[in-house]
1. Tell me, what HN-Hα J-couplings in whole Hz come from the Karplus equation 6.51 cos²θ - 1.76 cosθ + 1.60 at θ = phi - 60° for each residue of region 142-147, using x for Gly and Pro?
2. Please give the calculated 222 nm ellipticity per residue for the chain, where each DSSP H segment of at least 4 residues contributes -39500 (n - 2.57) and the sum is spread over every residue; nearest 500 deg cm²/dmol?
3. Can you give me the convex hull volume of the Cα atoms of region 146-225, divided per residue and expressed in Å³?
4. Provide the gained length on full extension for the span Asp120 to Ala4, in nm with one decimal, where the gain is 0.36 nm per separating residue minus the Cα-Cα distance.
5. Just to check I understand the Karplus step: with θ = phi - 60° and J = 6.51 cos²θ - 1.76 cosθ + 1.60, what whole-Hz values come out for region 200-206, glycine and proline as x?
6. Could you state the accessible area per residue of the chain in Å², with a 1.4 Å probe and every protein chain left in place?
7. Shape verdict for region 21-73, please, from the Cα gyration tensor: rounded (a/c under 1.5), prolate (a/b greater than b/c) or oblate.
8. With springs only between Cα atoms under 10 Å, which of Gly24, Gly39, Gly83 fluctuates most in a Gaussian network model of the chain?
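The values are calculated or read from the model by the stated rules, or taken from the named source; none is laboratory data. No experiment lies behind these values; they were computed from the predicted model shown. Glycine gets a Cβ as well: all are built from the backbone with ideal geometry, and neighbour counts include every protein chain shown. Protein only, heavy atoms only, side chains kept; ligands, DNA and RNA dropped before computing areas. Shrake-Rupley method; radii C 1.70, N 1.55, O 1.52, S 1.80 Å.
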Amino acid sequence: MSEAAKRAAARAALDFLPTSGVVGLGSGSTARLFIEEVGRLVAAGRSLVGVATSGDSRALAEHLGIPLLDDAGPWEVAVTVDGADEVSAVLDVIKGGGGCHTREKIVNQASAINIIVADDSKLSRQLGEKWPVPVEVLAFGHQATRDRLRELAPTELRTRDGKPWITDAGNYIYDVKFGPLVSPAATDALLHTIPGVVETGLFVRRAQRVLIAGPHGVRSLEPSS
């Protein structure tokens, strides 16, 4: 997606923000542009306070002068705007390409409204057609957890510069290649039965609106009831 299309999606999300209140600040390239737009609103006098879903998002918000609540919670978030790696036809989502999905899911749960911003290349019929499922696991015993994950599907430790990718919470990530998922909710529940699994990148029925940027502008999608 072009920078202009990402910016258009980020700006479209501004329409869902309260006049004043708490906003969840997502992670990723499009969410970064949204945070920049929130920074402009705050600089112009809008009374918005952020909850950051990652260390990078916190650092950017602080740089832009956006007031932030601490990471401990609890929070009452009016709207969270976040990105996605894959969006299904029923608007379920895979997140975690940036390794922030556990924090993102916690803020998502605390939010009255969740808005996903993405480009049309992220759309698929079923989750898993384009992305593996990121699974955050404890570093302790992670190879034992890996073996349990491999009983379900091919599983790879995510690395960066030849070393395990470390999340903001100090955990590891395994990418589990299920392929197209008939029931993302059932898969999510199954993964949570494995000791050592902290959280998955499956966001099932967690988006109230999805803003999709494409060559003809931004489409606003809502899940069917």
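1. Working through the residues one at a time gives 5, 6, 5, 5, 4, 5 Hz.
2. Helices in the chain give a 222 nm mean residue ellipticity of -8000 deg cm²/dmol.
3. 167
4. Once the chain is fully extended between Asp120 and Ala4, it gains 40.4 nm.
5. 10, x, 8, 10, 9, 6, 10
6. Here the residues of the chain average 46 Å² of exposed surface.
7. oblate
8. Gly39
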